[in-house]
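The structure under discussion appears below in the form of structure tokens.
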Amino acid sequence: MIEIISHNNASELISLSGAYLEQNESENNRPLGYAYRLAEDPHAYDSEQLLLLSILEHGKAVGVTIMTRPYRIIVSKIGTNVKAAVVPLVHHLREIDVQISEIIGPAAEAQAISDCWVEGMLDVSARISMRMRIFEARSVANLPLSPGKLRLARPEEHPLMARWITDYSETVGKPISFDIAKSWTEALIQNQQLHIWDIEGPVSIAAIDRPTRNGIAIHSVYTPPEHRNKGYATSSVLLLTQKMLTDRYSFCCLYTDLSNPTSNNIYAKIGYVPIGDALAFDFVAKKQRF
């Protein structure tokens, strides 16, 4: 029997479902990392509609769904029959009148929720907005590095970094406004999460985020067009991964866009191993015919 439990705070969710999520820590990095962050700071994502749900089967956690941004659902890997778990989950979301514009999660789970969500809705359709691969690294290869060095971004570099984060968001097909980019970048710099490959100035960036008990995610890997094809991103990710593994983590993980084979090959060369696929869906209104 499937039961959906709503939590008042992230600490409750971690207490009930954290051990389950940690069985597949890299694949569950998004929901688990967000939950840890919210346990530290309940207002970390400034969401008006914070949703924290555990999926139980016979009283045992088999999945998690959270919403940290308006209308965006993040689902974990589900450790039972996916369809059997998704039907009561979607029923619960409809019952509490949750509005969804985006779902992201492991491929089978995201697909099942998307299919169930649009079923019977004549005016809404689902569209895959991104196909991703989840990679994990527990060691890095010994590769030659590009000229330059890895360092933390500095406060005075905030305007340039905000422009690069804006450009990065457009590159991956998830554009954000410059104002949002400024806010995100300010937090990344303040929390010492944004790293720069420097060769007489910034030429590439990579960030860390969503730390969990044993791992951390690398994201926002971006090199402006004028600095590409010189190995700066490869060097950044390699040294940043090595630093995280040396400092305290057992693994690093990252999500790649499957439509970009170049980056996927780069990460494999560094030492990242594919462990699963993920999908992001957008829900859009169908065009009416008159």
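The values are calculated or read from the model by the stated rules, or taken from the named source; none is laboratory data. Just so it is clear, the model here is predicted, and its values are computed rather than measured. Cβ sites come from the backbone with ideal geometry, for glycine too, and all protein chains shown count toward neighbours. These area figures cover heavy atoms from the full protein model, side chains too; ligands, DNA and RNA do not enter into them. Shrake-Rupley method; radii C 1.70, N 1.55, O 1.52, S 1.80 Å.
Below is a table of values for the structure above.
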quantity: All strands (runs of 3 or more DSSP E) inside region 167-230 with 3 or more residues being under 18 Å from residue 256 (Cα atoms) and either modelled with pLDDT of 95 or more or in contact with a Lys or Arg (Cβ under 9 Å, 6 or more places away or on another chain) (or both); calculated: 202-209, 215-222
quantity: Matching option when the condition is within 18 Å of the chain's Cα centre (by Cα) and in contact (Cβ under 8 Å) with a residue 40 or more places away in the chain, among 107, 141; calculated: 107
quantity: Residue 214 being touching a residue at least 40 places away in the same chain (Cβ under 8 Å) and surrounded by fewer than 18 Cβ atoms within 10 Å (Cβ to Cβ); calculated: yes
quantity: Qualifying residue in region 266-285 (condition: buried (at least 22 other Cβ atoms within 10 Å of the Cβ) and touching a Pro at 6+ places or on another chain (Cβ under 7 Å)); calculated: yes
quantity: Residue list for region 122-166, filter: farther than 26 Å from residue 202 by Cα, modelled with pLDDT of 95 or more and among the acidic types (Asp, Glu); calculated: 136
quantity: Subset tally (residues that are farther than 19 Å from residue 27 by Cβ, free of Cβ contacts under 8 Å to residues at least 60 places away in the same chain and assigned to a loop (DSSP other than H, G, I, E, B)) for region 231-287; calculated: 3
quantity: Filtered residues of region 144-162 (kept if without any contact (Cβ under 8 Å) to a residue 40 or more places away in the chain and part of a helix (DSSP H, G or I)); calculated: 155, 156, 158, 159, 162
quantity: Failed criterion for residue 76 (all others in (1) modelled with pLDDT of 95 or more; (2) in contact with a helix residue (DSSP H, G or I) (Cβ under 8 Å, 6 or more places away or on another chain); (3) over 29 Å from residue 137 (Cα atoms) hold); calculated: (3)
quantity: Positions within region 254-285 being acidic (Asp, Glu) and farther than 27 Å from residue 144 by Cβ, in sequence order; calculated: 277, 282
quantity: Selection within region 183-202 - in contact (Cβ under 8 Å) with a residue 40 or more places away in the chain and buried (at least 20 other Cβ atoms within 10 Å of the Cβ); calculated: 194, 195, 196, 197, 202
quantity: Subset of region 102-122 that is out of contact with any strand residue (DSSP E or B) (no Cβ under 6 Å at 6 or more places or on another chain) and among the aliphatic types (A, V, I, L, M) - its residue that is least open to solvent (accessible area, probe 1.4 Å); calculated: 112
